[in-house]
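Right, one structure below, let's go through it.
A short reminder: the numbers here are calculations on the coordinates, not readings from a lab. Just so you know, these numbers come straight off a predicted model, no measurement behind them. Note that each Cβ is placed from the backbone with ideal geometry, even for glycine, and that neighbours are counted across all protein chains shown.
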Amino acid sequence: MTLEDPAGHLLSIQSYLLEEEKHHPEATGRLTWILSSITLASKYIAARCRMARLEDVLGSLDSENVQGEVQQKLDVIANETLLRALGKRAGLAIVASEENEEPIILHTSSDPERPYIALFDPLDGSSNIDVCGGVGTIFSILHHDRRANPTENAVMQPGTRQVAAGYVLYGPSTILVLTTGNGVQMFVLDPSIGTYLLVDRDVKIPQNSKSYSVNEAYANSFPEGYQKYLAWAHDNNYSSRYAGAMVADLHRILLKGGVFLYPPTQSSPKGKLRLMYEANPMAMIIEQAGGKSFCGTTRTMEVQPENVHDRVSVVIGSPDEVDRVQDYLE
Ligand code: P6P
């Protein structure tokens with residue numbers, strides 16, 4: 001490892017965020033404070049995931065979340081951890097979670113000291129927990145719109161208005177990938193010192209790769225364009241990888257290239273993935289890394305949300321691979 005190598009520097013995520021602040025004279029430190037609370041919560045969630053079977057927090061509860069999905073015990077633990085970490089942090093006006101029906105208003109819209117909104121999927125792909133599969137936390141930060149009335153309407157902003165986005169992948173190691181609009185940075189948690197260390201700056205997605213990621217069990221109910229694309233991919237020796245957790249699939253695609261698809265299906269005619277706290281943050285990251293993201297033929301980050309839990313279809317990944325899917329959809 002050399003000093004020219006990002007991993008050659010011993011740079012924690014806190015030091016990176018403070019370094020970034022220097023490029024923004026208008027920075028107040030509130031965004032840094034919010035992002036650091038997310039990193040704190042993710043360390044606790046990572047520890048709970050590692051100990052899940054030993055602490056008997058595997059499996060599901062008898063409850064369902066607002067999505068009508070059976071909640072895993074760790075879904076609730078992860079959600080409560082993020083709410084506890086974020087709820088008391090200066091700078092936040094509203095917090096919205098996949099696990100909560102309504103956004104949580106932390107302060108009235110008149111408070112200029114709270115310029116941000118945080119949205120998150122606390123444990124994406126949580127059904128993988130019981131089988132030690134990859135799971136993740138996805139987060140998105142928006143500017144608060146104090147003119148919104150009622151206040152919770154401030155959340156209804158397209159993804160282009162995101163200030164920051166990121167995910168944490170709880171896998172063989174705990175990886176945090178973050179963008180604040182100035183490229184994509186990658187950190188790895190060193191559990192021996194409890195700190196995320198920078199390992200890669202300005203990550204770029206490969207232009208192309210003969211690999212796609214989709215749940216082909218639903219292929220017969222995909223719209224025709226998607227079926228034609230898959231037939232073309234099968235004829236052109238594409239490989240298929242599907243982890244059942246968007247964070248795990250998209251982290252692989254960010255590093256190795258390829259395309260992730262969640263088309264409309266019979267059971268999810270609008271698509272299954274949530275716009276505000278899954279598709280939009282992942283789209284910001286992938287676009288900042290040089291990739292593309294669409295909902296059908298509309299750029300993901302230009303979709304105007306109507307509800308905080310809106311679902312969308314997704315085609316996201318390497319630019320050449322997304323373009324090829326688009327050719328079959330248009
Ligand atoms: P299916 C996890 O539940 C999730 O929201 C995404 O992380 C994942 O890509 C997708 O749903 C998996 O859905 O229908 O293939 O199980």
Modelled label reach - Arg146, point 7 Å along Cα→Cβ, region 69-91 residues with backbone N closer than 19 Å: 89-91
Non-local amide H neighbours of Val135 (under 5 Å, H modeled in plane, Pro and chain starts lacking H): which ones? Tyr170
Work out, in µm²/s and without decimals, the Stokes-Einstein translational diffusion coefficient of region 13-200 at 20 °C, 1.002 mPa s, Rh from Kirkwood over C-alpha pairs. 125 µm²/s
Which value results when the Cα radius of gyration for region 211-329 is divided by 2.2 N^0.38 Å? 0.96
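What FRET efficiency comes out for the pair Trp232/Ser127, r = Cβ-Cβ distance, R0 = 30 Å, nearest 0.05?
Step by step, r from the Cβ atoms, then E = 0.45.
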Can you pull the one-decimal nm distance between simple spin-label points at Gln14 and Tyr44, each 7 Å off the Cα toward Cβ? 1.7 nm
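Could you order peptides 121-128, 261-268, 228-235 by the average number of other Cβ atoms within 10 Å of their residues, highest first? Don't jump to the answer; show the numbers that get you there.
Details: 121-128: 25.0, 261-268: 18.6, 228-235: 16.0.
Per-residue Cβ counts within 10 Å, averaged per peptide and sorted highest first, yield 121-128, 261-268, 228-235.
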Just want to confirm a number: the relative contact order over the chain, from Cα pairs under 8 angstrom separated by 6+ residues, in percent. 15 percent
Using alpha-carbon positions, what is the distance between the centroids of region 70-100 and region 183-208, in Å? 24 Å
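Multiply the residue separation of Tyr242 and Arg299 by 0.36 nm, subtract the distance between their alpha-carbon atoms, and state the gained length in nm to one decimal.
Computed gain between Tyr242 and Arg299 is 18.2 nm.
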Qualifying GluC sites (Glu not before Pro) for region 145-231 [loop in DSSP, other Cβ within 10 Å: at most 16]: none
Filtering trypsin sites (Lys or Arg not before Pro) in region 83-124 by DSSP loop and by at most 12 other Cβ atoms within 10 Å leaves Lys88
Here the FRET efficiency for Ile104 versus Gln326, based on Cβ atoms and R0 = 45 Å and rounded to 0.05, is 0.75
If you bin every alpha carbon distance in region 104-179 into 5 Å steps from zero, what whole percent lands in each bin? 3, 14, 22, 17, 15, 11, 10, 6, 3, 0
Which GluC sites (Glu not before Pro) in region 18-85 pass both tests, a DSSP loop state and at most 16 other beta-carbon atoms within 10 Å? Glu26, Glu55, Glu69
The local net charge around Pro122, scoring Lys/Arg +1 and Asp/Glu -1 for residues other than Pro122 whose Cβ lies under 13 Å from its Cβ, equals -4
Note down the relative contact order for region 13-200 as a percent, whole number, built from C-alpha pairs under 8 angstrom at least six residues apart. 15 percent
Output ³J(HN,Hα) for region 217-228: one whole-Hz value per residue in order, computed from phi by the Karplus curve 6.51 cos²θ - 1.76 cosθ + 1.60 with θ = phi - 60°, and x for Gly and Pro. 4, 9, 3, 5, 9, 5, x, 3, x, 5, 5, 5
Quick P(r) readout (the chain; Cα-Cα; 10 Å bins; whole %) gives 6, 27, 35, 24, 8, 0
